[in-house]
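What follows is calculated from the coordinates using simple rules that are stated; it is not laboratory data. Only a predicted model underlies this, so the values are computations on that prediction, with no experimental measurement involved. All Cβ positions, glycine included, derive from the backbone under ideal geometry; neighbour counts span all protein chains shown.
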Amino acid sequence: MYLSLLLTLYLLHLSFVVRALGHHDWSNQTLCSANSFQIANNGTDSTIWPWQTYRSSNATPPMLQINTTGKNLSPGLLFFTPFDGSSTPGAKEQVLIVMTDKGDLVWNGPEQHNADLRVQTFNDEPVLVYWSGEGTAGTSLAVGHGYGEIVVLDKSYQVTHTVCPNLDITLPPGATARCAVDVHEALITSRDTMLFTAYNTTPFDLSSIGGPRNGWALDSLVFEVNITTGEVLFEWSPLRHLPLNSTHYPLNGAGVNASVPFDAFHVNSIQLIDGGHYLINSRHTWSTYLVDTDGKIIWEINGLDGGDFGKLPEGASFSWQHDARFSSINQASAFLTWFGNNNDEFTSPNDLRPSTGLKLQVNLPPTRDSPPTLINNFTDPQDTIGSWSQGSYQELPSGNGLLGYGATARVAEYAPPSSAKTSQGEVVWSAAFGYGDLVSSYRVSKQEWHATPAADDPSLVVLAAEANDTLTHCAGSSVWRGYVSWNGATDVTSWEIYVVGTSNTSIMRSIGQVEKMGFETEFVVPVGSAYVQVGAVESYGARVVRNSTAVKVGSWKMQHVTSLRLDRTQFDRTN
């Protein structure tokens, strides 16, 4: 009789435990979340810029050191490609980066030699475009050019096109590369073609500038190709159309053989305009040219003397410039923008001049009697930055301007000049992502981008809570935390939380949502959870677009022991 009574009580207790495990009451538990990241640095190597780390992702993006005035910023995400600017390591990873202007990671792309990451339009759809280098020359962007391919991604980060046409390019001796597209430009046109440069090593007479008659030069060729087929639609050679003595670049012993060809012109940006003409920028002549479909130069604007447009106004000169663009154009006038480096690799650190974001209004057709008007000359007198290579100037929809400082690991957003009496503008936001010129990003852009990854699901891990963590105030008796991220997902606004109190994950139930915070969201795992799963909810909606896998909650029995106030040894015996 006594043994029968004990057995009955034991079975009743076991039934109670099993019911509690499978049907825990989560209704009175608070759901809360926090932005989760850690700042890491290499204490033994002070050249590596601090980086962020996460528990649910192995991404290690740079920490942005941000200064802001609190004034309105243009909307959008930041796109940049940090890489080591010299032989001294400066970046934790050389990757494609998309971030918010608050410094939260959005997408950490593949670790390669990348450049020129931007949102563009192809077949009326937004796409992500970047250059990816390979081979001997592609491994050292600091030399000023590279050999690689252009990659086009759709809104799910799937590769739709790779631009790697057969260009019949001659590489320097010893250089190898599967694709010969240069790093400097990767621009989709309004007619869905691709513009890019390609550097060809070619024999050339350099005697007019003091070099050998049987010399060697780099011809920074301009190409327009069909993105799908690779068919070459337009090709332009500066060596065939520009006088060699228009270069400001010193020979310095270059050009004596094919291993050290002389880079006289260094084309670094191209833009197609209505009518089929091309705006082509030559860094080493300090000039930007309008070229027709036959390759003939229609006009030149020069940063020293104005070229065909007459004398430049005070504050409007430029040299060693990048990223020449028409911001608007009609038959009578146009607005032109540049990133004016005003320095090159031979400029002494003590002689660096401020790099600027320059905007001019010019009359068309050009005459020397009607010189350009200076609109913007963005520079910060409190923090002058002199960048000797690379760089970008982007006009933002709000009227602000974004300057990426190229070889200097800085980016700044400027508000337009407050009056007609000044062209300087005001820095309303700036960030550093490396020490000096140890980290570079060829260009930086700020753009709208909406994407949902196709190949990867949200990543979830569950770990024991740290003492007095950021969620202690709302955790109750929970001793577990979930950490979730979804690399590249731009529109997730909350995470649906699913739990179950048994090992049967087929009966998981939703207990509510937590707000998405930063790249990685930390949340409290409710007491009584054996498994937890999260679902991504986009744009404040009610529909879950993708779930993570269900993750076992550590020693989840211990949470039930605590909440049910059972004796631990007895609990273990019954399970």
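Computed values, structure above
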| read-out | value |
| --- | --- |
| Cα convex hull of segment 169-273, projected area averaged across orientations, nm² | 7.1 nm² |
| All-pairs Cα distance distribution in segment 27-70, expressed in whole percent, bin size 5 Å | 5, 17, 17, 17, 16, 11, 8, 5, 3, 1, 0 |
| Where Rh is the Kirkwood radius over Cα pairs, Rg/Rh for segment 455-494 | 1.08 |
| Square roots of five times the Cα gyration tensor eigenvalues for segment 408-469, Å | 37, 19, 16 |
| Whole-angstrom gap from segment 435-456 to segment 259-318, using each part's C-alpha centre | 28 Å |
| Convex hull volume per residue in cubic angstrom - Cα atoms of segment 394-526 | 203 Å³ |
| Too-long pairs where the Cα-Cα distance tops 26 Å, listed order kept, from Lys516/Lys552; Lys155/Lys359; Lys311/Lys359 | Lys155/Lys359 |
| Per-selection Rg to Rh, the chain - Cα, Kirkwood hydrodynamic radius | 1.10 |
| Relative contact order computed over the chain (Cα-Cα under 8 Å; 6+ residues apart), in percent | 14 percent |
| The chain - mean residue ellipticity at 222 nm from DSSP helices (-39,500 (n - 2.57) per run, n ≥ 4, rounded to 500) | -2000 deg cm²/dmol |
| Peptides 309-316, 483-490 ordered by average Cβ neighbours within 10 Å, highest first | 483-490, 309-316 |
| Cβ-placed point charges (K, R +1; D, E -1), dipole of segment 357-438 about Cα centre in debye, nearest 20 | 180 debye |
| Radius ratio Rg over Rh of segment 226-292, counting only Cα atoms, Kirkwood formula for Rh | 1.04 |
| Projected label distance in nm at Val545 and Asn330, using a 7 Å step from Cα toward the beta-carbon | 4.0 nm |
| Inter-probe distance in nm under a simple model that places probes 7 Å from Cα toward Cβ, at Ser87 and Ile507 | 6.7 nm |
| Two-site FRET efficiency, Leu463 against Lys311, from Cβ-Cβ distance with R₀ of 51 Å, rounded to 0.05 | 0.15 |
| Mean separation of Cα contacts under 8 Å (6+ apart) over length of segment 130-246, as relative contact order % | 20 percent |
| Hits among aspartates and glutamates - C-alpha to C-alpha of Lys296 under 18 Å, sequence gap 8 or more where chains match | Asp219, Glu224, Glu235, Asp274, Asp308 |
| Span per principal axis, largest first, for the Cα atoms of segment 212-344 (Å) | 46, 46, 21 |
| Per-peptide average of other Cβ atoms within 10 Å, ordering 390-401, 357-368 highest first | 390-401, 357-368 |
| Relative contact order (%) - segment 474-525, alpha-carbon pairs under 8 angstrom, separation at least six | 52 percent |
